[in-house]
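The values are calculated or read from the model by the stated rules, or taken from the named source; none is laboratory data. Computed from a predicted structure; not experimentally measured. Cβ placement follows ideal geometry from the backbone for every residue including glycine, while neighbour counts extend to all protein chains displayed.
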Amino acid sequence: MDRVMLITGSSRGIGRFLSEYYLDKGLRVVGCSRAETDLTHDRYEHFSLDVTEEKAVSLLVSDVRRKYKGIDYLINNAGVSTVNPALLTPLSAVEKIFGTNVFGTFLFCREVGKVMARKKFGRIVNFTSVAVPFDLQGESVYASSKAAIESLTRILAQELAGYGITCNAVGPSPVQTDIIKDVPGEKIQELLDRQAIAEFGDFEDVANVIDFFIADRSGKITGQTVYLCGVS
């Protein structure tokens, strides 16, 4: 039986790259996003849903469990961003960012964690951001949502360890995807200049960290956050 990886936000950007990357490695990949996808492969299945909708997430995970007898890897990639001074940020924007970034991540961790616990094996990788340690002006809401994910990751690592499940987080430096397309160029440059390696990240850089986290030999690597490009 193929190992099964579930990737959220898989229709474009990093999620799309990871879907193709792990299909090439022989995994069965289940993706989901609000949008449809044109990715076709005999080992790929796509669900269209909002990651903040509890019932939809539960039904997706239940369906995958029945079809494939389990889920081995969960990559919580779905996320949204904004750059706006706190005093000018409407509550609707805060709710949208926390809904996708935090509540969506939590729902998938909870539902997939139940499935993994039955097999006594699982690897969960959540997405944070270098926005957390940098404390950049204009990113109070986005950085706070990612800080919540880091805390969630550390606590889940403790709660799930007894089931053979690890939970870690990867924090990419800016990658040229839609999530940063509306960020002013000077803000991006300010962020890059604070990195030890003042460059954009690549999809391959992210996959390299995920490869490490999900490896069978990484069973004792849990509760960790790895930032790219020399961020600390």
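Mind listing whichever residues of the stretch 87-114 are touching a residue at least 24 places away in the same chain (Cβ under 8 Å) and more than 18 Å from LEU152 (Cβ to Cβ)?
Correct list: THR89, ALA93.
Given the conditions (1) modelled with pLDDT under 95; (2) crowded, with 19+ Cβ neighbours inside 10 Å; (3) of a type outside the set (Gly, Ala, Ser), report the number of the one that VAL80 does not fulfil.
(2)
Which residue, of GLU204, GLU159, is in a helix (DSSP H, G or I) and either in contact (Cβ under 8 Å) with a residue 24 or more places away in the chain or under 26 Å from ALA35 (Cα atoms) (or both)? Step through it out loud before you land on a result.
On the way: GLU159 fails: either in contact (Cβ under 8 Å) with a residue 24 or more places away in the chain or under 26 Å from ALA35 (Cα atoms) (or both).
After applying the criteria, what remains is GLU204.
Condition test on GLU53, is it farther than 16 Å from ILE124 by Cβ and modelled with pLDDT of 95 or more? Spell out the reasoning first.
Numbers: farther than 16 Å from ILE124 by Cβ: yes; modelled with pLDDT of 95 or more: yes.
So GLU53 fits the description; yes.
Only one of LEU23, LEU59 is of a type in the set (A, V, I, L, M, F, W, C) and over 19 Å from the mean Cα position of the chain (by Cα). Can you tell me which?
Working: LEU23 fails: over 19 Å from the mean Cα position of the chain (by Cα).
None of the other options fit; the residue is LEU59.
Restricting to the stretch 28-67, and then to whatever is part of a loop (DSSP other than H, G, I, E, B) and among the β-branched types (Val, Ile, Thr), can you tell me which residue is surrounded by the fewest Cβ atoms within 10 Å (Cβ to Cβ)?
Restricting attention to the stretch 28-67, the residues satisfying the condition of being part of a loop (DSSP other than H, G, I, E, B) are 34-43, 49-53.
From what is left, the residues that are among the β-branched types (Val, Ile, Thr) are 37, 40, 51-52.
On the way: THR37: 18, THR40: 7, VAL51: 25, THR52: 19.
Ranking the qualifying residues of the stretch 28-67, first place goes to THR40.
Can you tell me which of (1) of a type in the set (D, E, K, R); (2) surrounded by 20 or more Cβ atoms within 10 Å (Cβ to Cβ); (3) assigned to a loop (DSSP other than H, G, I, E, B) is the one ARG16 doesn't meet?
(3)
Looking at (1) surrounded by 13 or more Cβ atoms within 10 Å (Cβ to Cβ); (2) of a type outside the set (A, V, I, L, M); (3) touching a residue at least 40 places away in the same chain (Cβ under 8 Å); (4) out of contact with any strand residue (DSSP E or B) (no Cβ under 9 Å at 6 or more places or on another chain), can you tell me which one THR222 breaks?
Here THR222 meets the rest and fails (4).
Is it the case that some residue within the stretch 135-144 is within 15 Å of the chain's Cα centre (by Cα) and part of a helix (DSSP H, G or I)? Break it down into steps so the answer makes sense when it comes.
Let us first name the residues in the stretch 135-144 that are within 15 Å of the chain's Cα centre (by Cα), namely 142-143.
Going one step further and asking which of them are part of a helix (DSSP H, G or I), we end up with 142-143.
Scanning the stretch 135-144 turns up at least one residue that is within 15 Å of the chain's Cα centre (by Cα) and part of a helix (DSSP H, G or I).
So ARG110 clears everything in (1) under 27 Å from PHE203 (Cβ atoms); (2) at pLDDT 95 or above except one condition, right? Which one?
Result: ARG110 fails condition (1) only.
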